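Below is one structure; the comments refer to it alone.
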Amino acid sequence: MEGVFRGSEALALGVITRHELRTGFRRLLPDVYAPKRAELTLRQRAQAAWLWSGREGVLSGLTASALLGAKWVDGDVAELNWPNHRAPSGVLTRNDTLLGDEIASVEGLPVTSVQRTAFDLARRDSVGVAVGRLDALARATHFKASEVLEVATRHPHVRGLRRVDRLLDLVDAGAESPKESWLRMVLVSEGYPRPTTQIPVPRPDGYRRYYLDMGWEHIMVAVEYDGEHHRKDDEAYRKDIIRMEHLARVGWIVVRVVKGQKRNQILPRVQGAVRSRGGFPDELLRPTR
């Protein structure tokens, strides 16, 4: 037996004995097992939750988002739309109304559709967290806000409905990490005009391009989140030095943000860079908190 399976079904089919089940496999959820030493993928954890529901539940929320292709999703807990308020550890159940076209299939598993998944993500958690998760889903699926709002019209009484439109307006598929989403939201919440993401800048050879995380092209100020991965790779570090020298040479001011820096350590630097370029017209600076 490989992968995830229901113990009762394997025993009934005679493909495994009770002794083998007890000694060679580990119990993930009630009646759901996997090989003892197997490192489970997110899909297998999702499958385990679905099997636990008797194949009746629909994978939703963050789990659906991951199965639909979104990156940077923590897969320790599987979200399942199924009416059971006594879910075991590792499963989060919800009892939301799902319409027929709000359910899709990914590799044989039932999941909420892209549009329904985006609708659910927009309604839950803090604004910053929700936008980061929507960014990741948008990057993977390129969903249209209008289609998500169509889903919203079908569910007029659900919790979190009033903020869906506003959050969809903040989504940007150009974010390449949750930290980039967070950084963009820091700027927007401070009242800065929404920055453009993944700004292309021609390299010295004129053919290839560098891409800036986010910024304002007309004043040539960019803000980047530095994950410091290049510091662990000498070649990447050398390339980064050359990149930054070229960006400065062609007129870009780049404010670099590193892990651990907080708003009060970031915003004064951004403000200084923006002011050095003449700032923005007052009508563009409207706080969106």
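The values are calculated or read from the model by the stated rules, or taken from the named source; none is laboratory data. Predicted model, so just to flag it, every value in this text is computed and none were measured. With ideal geometry, Cβ positions are generated from the backbone for all residues, glycine too; neighbour counts draw on all protein chains shown. Quick note on the areas: whole protein, heavy atoms, side chains included, nothing else; ligands and nucleic acids left out. Shrake-Rupley method; radii C 1.70, N 1.55, O 1.52, S 1.80 Å.
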**Message:** Any residue at all in the range 84-98 that's within 20 Å of ALA138 (Cα to Cα), assigned to a loop (DSSP other than H, G, I, E, B), at pLDDT below 95 and not aliphatic (A, V, I, L, M)?
**Reply:** no
**Prompt:** Inside the range 153-168, can you point out the residues that are open to solvent by 80 Å² or more (accessible area, probe 1.4 Å), farther than 26 Å from TRP182 by Cβ and either at pLDDT 95 or above or in contact with a helix residue (DSSP H, G or I) (Cβ under 9 Å, 6 or more places away or on another chain) (or both)?
**Reply:** THR153, ARG154
**Fill in**
Flagged in the range 203-214 as surrounded by 15 or more Cβ atoms within 10 Å (Cβ to Cβ) and among the acidic types (Asp, Glu), in numbering order, are ASP213
**Item:** Flag for GLY191 being more than 22 Å from LEU247 (Cα to Cα) and surrounded by fewer than 17 Cβ atoms within 10 Å (Cβ to Cβ)
**Value:** yes
**Asked** In the set GLU217, GLU176, GLU150, which member is closer than 19 Å to ARG256 by Cα, exposed (fewer than 15 other Cβ atoms within 10 Å of the Cβ) and among the charged types (D, E, K, R)?
**Response** GLU217
**Message:** So, in the range 99-123, exactly how many residues are in a loop (DSSP other than H, G, I, E, B) and open to solvent by 40 Å² or more (accessible area, probe 1.4 Å)?
**Reply:** 3
**Asked** Hey, which of the strands (runs of 3 or more DSSP E) in the range 6-83, taking only ones fully inside, have at least 1 residues that are buried (at least 20 other Cβ atoms within 10 Å of the Cβ) and among the acidic types (Asp, Glu)?
**Response** 78-81
**Every residue from the range 223-249 that is under 23 Å from the mean Cα position of the chain (by Cα) and crowded, with 18+ Cβ neighbours inside 10 Å** = VAL223, GLU224, TYR225
